[in-house]
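In what follows, a structure is listed as structure tokens, so that the remarks can point back to it.
The values are calculated or read from the model by the stated rules, or taken from the named source; none is laboratory data. Model, not experiment: these values are computed from the prediction. Here Cβ is always computed from backbone atoms with ideal geometry, including for glycine, and neighbour counts include all displayed protein chains. When the accessible area is computed, the model is the full protein with side chains, heavy atoms only, and any ligands, DNA or RNA have been set aside. Shrake-Rupley method; radii C 1.70, N 1.55, O 1.52, S 1.80 Å.
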Amino acid sequence: MEPVVSPLTGTVVAVNVKAGDIVYVGSEVVVVESMKMEHPVLAKVQAIVGQVMVAVGDSIVNDQILAILTPGSSSDQGGAQTPFDGSAETPRMDLLGYRLRRQRTTDEARPDAVRRRHERNQRTIRENIADLCDDGSFVEYGAFAIAAQRQRRSIDELIDRTPGDGLISGFGTVNGGNFDLQRSRCAVVGYDYTVLAGTQGFINHRKKDRLFAIIEKLRLPVVLFAEGGGGRPGDTDATGVAGLDVMSFASFARLSGLAPTIGIASGYCFAGNAALLGSCDVIIATENSNIGMAGPAMIEGGGLGVVSPTEIGPIGIQSENGVVDIRVADEAAAVSAAKKYLAFFQGSTPNWQRRSDDSLRSLIPQQRSRIYDIRSVITHLADIESVLELRAQFGVGIVTVLARLEGRPVGIMANNPAHLGGAIDSDAADKASRFIQLCDAYDLPIISLCDTPGFMVGPDAERSAQVRHFSRLFVTAASADVPWLTVVLRKGYGLGAQAMAGGSFHATELIVAWPTGEFGGMGLEGAVKLGFKRELDSTASLEERAILEAKLVADAYQRGGALNMASHVEIDDVIDPADTRHRLISTLNICPTPPPRIGKKRPMIDTW
């Protein structure tokens, strides 16, 4: 005989067998309720029920006998229970309900919205995230959220029409095939334009605040898909008046300088969405994007006229004025650029290819007044396919790129002799200053390629407040502590050259020049005209003046040549252009590796 005993004190709420039934190991014999919880009492052997000792409603105590079983079984016995194999023949209702609800959050549940998106040659936010994150790595937070509009719409309508409250957020890995798990971690926040035009609702603000808190704690990079129309006036469930106490903008801004933040704009990005976008370290925007701090409704509401959304901040304007860092064709290209950008902050790569070092020798024309393509110098110096330029259409007097040298990520800034002869104007100074902050915040060494006659001068130039803009370069450089290596390609004149070298030719780890280098406190022709004005004015004829001036300029070039500068140790060395890569890498190798950071290095990265 095998007794079935109660494991606790309680009340019998179900008796699932009767005398003569066959039970198997794991079969429920009796169910006892205690403290509002039901406890199944299971058979421990295969047996025939001999006697049931209790009935529904009986109060029982611990170790009380509930039934008597006779071990063994008979095939002709009736009322046999199905053997327990650990699985249910029919789906559980709770699991089925979950699966149906989960399905309603997917793109497949909204084919019309997906079709309309594709008709505009755009992807859904879930398609973009799937492209960004490594396969199967994305873990979503807040998928079951719906808009705070229960007073206006039924729950079913909200589930179908406002999945996620228009925001998809979570964590995954990016570039995991090239970097380890720790380095490939990434957070993703993406507005869903198919839901209420990607507007910012009460619930999706809560989702962002939750995610931003985790991001700050774990120091994770963020990719923000910012398409959307800003604040949403139609939410009815939220308490309050204006919602100006929402923490999302302050929380996101606090991430600046903690870990890379990447913003992607495609289509319309206005108001609050644009405010988050503008807080990012880098903005990637597609050709069809329009970015502005107000959409058409707000502009009209402010009495400023009726405009179409395509008139507000088109890509051409936002690229030229410096808002957009990377201009791309479409969302696929935007995601590709985001992955490439993020990789620079994930570490070195073991696989790389380089061009011939000898090719660097022929890139600077022998005629010192002839322009050349500075981007060609950069691409020949850097690893093949490693260069990513930032703000290409803004501040064009200085080119700023992220690149790799033998797999090691670096920031490169270079004067552009094709614009103002390489002179630095206010926009170029701003561009370079912010680039220095970006590199310093995340410990990227700075390579400066100098070819400048100095800062731009003249009454018109001073209208751009360049006294402040130029000084910003010095102040920012002085605050950076990453390795800074300067190569003077040709001109190294005046304050502009000092700014390109971190404030002084002896302020940083290395300054070398190619044989084409030439130096002076100002442009040598100008220095001759000013310094030898009396001698030039005393000549008897214009021809004699020209001969004397040419001689004085030639003497000045001799004194200001790279080899003479090196003889006075005003620069560290003159090098063969073909040796540039080796010299840079050798110097970087002796610089100490930055210690692991537990917080921010800089308080923030200037948004401008």
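What the phi angles of the range 290-300 give under the Karplus curve with 6.51, -1.76 and 1.60, with θ = phi - 60°, is a coupling list of 10, 10, x, 7, 7, x, x, 5, 5, 5, 5 Hz, glycine and proline written as x. For Thr486, the residues whose modelled amide H falls within less than 5 Å of its own, excluding neighbours fewer than 5 places apart on the same chain, are Ser448, Leu510, Ile511, Val512. The lysines within cross-link reach of Lys551, meaning a Cα-to-Cα straight distance under 17 Å and a gap of 8 or more places when in the same chain, are Lys529, Lys533.
Stokes-Einstein diffusion for the range 104-228 at 20 °C, viscosity 1.002 mPa s, with a Kirkwood radius from C-alpha pairs, works out to 143 µm²/s. Close amide H partners of Asn290, meaning residues 5 or more places away or on another chain with modelled amide H under 5 Å apart, are Gly267, Tyr268, Cys269.
Computed with the Debye formula from one identical point scatterer per Cα of the range 369-445, without solvent, the log10 of I(q)/I(0) at q = 0.12, 0.18, 0.24 Å⁻¹ comes to -0.32, -0.70, -1.13.
Counting other Cβ atoms within 10 Å, which trypsin sites (Lys or Arg not before Pro) in the range 352-447 have at most 10 and lie in a DSSP loop?
Arg370
Helical runs assigned H by DSSP (4 residues or longer) give the chain a calculated mean residue ellipticity at 222 nm of -9000 deg cm²/dmol, each run adding -39500 (n - 2.57) before division by the residue total. When each of the peptides 168-174, 125-131 is scored by the mean number of other C-beta atoms lying within 10 Å of its residues, the order from highest to lowest reads 168-174, 125-131. As a length-normalised measure over Cα pairs under 8 Å and 6 or more apart, the relative contact order of the range 491-608 settles at 30 percent. Summed over the residues of the chain and divided among them, the accessible surface reaches 47 Å² per residue at a probe radius of 1.4 Å. Protection proxy ranking for 253-266, 453-466, using the average of other Cβ atoms within 10 Å per residue and placing the highest first: 253-266, 453-466.
Counting only aspartates and glutamates at least 8 places from Lys431 when in the same chain, those with an alpha carbon closer than 15 Å to its own are Asp281, Glu320, Asp325, Glu389, Asp440, Asp606. Scalar couplings 3J(HN,Hα) for the range 133-143, obtained by applying the Karplus form with A = 6.51, B = -1.76, C = 1.60 to θ = phi - 60°, are 8, 4, 3, x, 8, 6, 10, 8, 10, x, 5 Hz; x denotes Gly and Pro. Remark: the Cα gyration tensor places the chain in the prolate category, a/c being 1.5 or greater and a/b exceeding b/c. Put simply, the amide H of Lys491, placed in the peptide plane, has neighbours under 5 Å in Thr452, Glu518, leaving out anything fewer than 5 places away on its chain. Just the protein heavy atoms count here, and of the accessible area of the chain at 1.4 Å, carbon and sulfur take up 55 percent. Of Leu473, Asn273, Val410, which is farthest on the positive side of the dipole of the chain, counting Cα position, with +1 on Lys and Arg Cβ, -1 on Asp and Glu Cβ, and the Cα centre as origin? Working it through, the farthest residue towards the positive pole turns out to be Leu473. Largest first and in whole Å, the equivalent-ellipsoid semi-axes of the range 1-50 read 20, 10, 9, each the square root of five times a Cα gyration tensor eigenvalue. Qualifying trypsin sites (Lys or Arg not before Pro) in the range 130-197, where qualification requires a DSSP coil assignment and no more than 16 other C-beta atoms within 10 Å, comprise Arg150, Arg152. Derived scalar couplings between HN and Hα for the range 360-367 equal 5, 5, 9, 7, 9, x, 5, 6 Hz in order, rounded to whole Hz, by the Karplus curve 6.51 cos²θ - 1.76 cosθ + 1.60 (θ = phi - 60°), x for Gly and Pro.
Take the alpha carbon gyration tensor of the range 415-471, find the square roots of its eigenvalues, order them as a ≥ b ≥ c, and report rounded if a/c is under 1.5; if not, report prolate when a/b exceeds b/c, else oblate. Note, shape of the range 415-471 comes out oblate. Pairs with C-alpha atoms separated by more than 25 Å, drawn from the list Lys340/Lys600; Lys207/Lys340; Lys339/Lys601; Lys18/Lys44, are Lys207/Lys340. Remark: spin-label model distance Asp373-Leu8 equals 7.8 nm, labels positioned 7 Å along the Cα→Cβ axis.
Summed over all non-identical Cα pairs, the Kirkwood treatment of the range 350-408 gives a radius of 12.7 Å.
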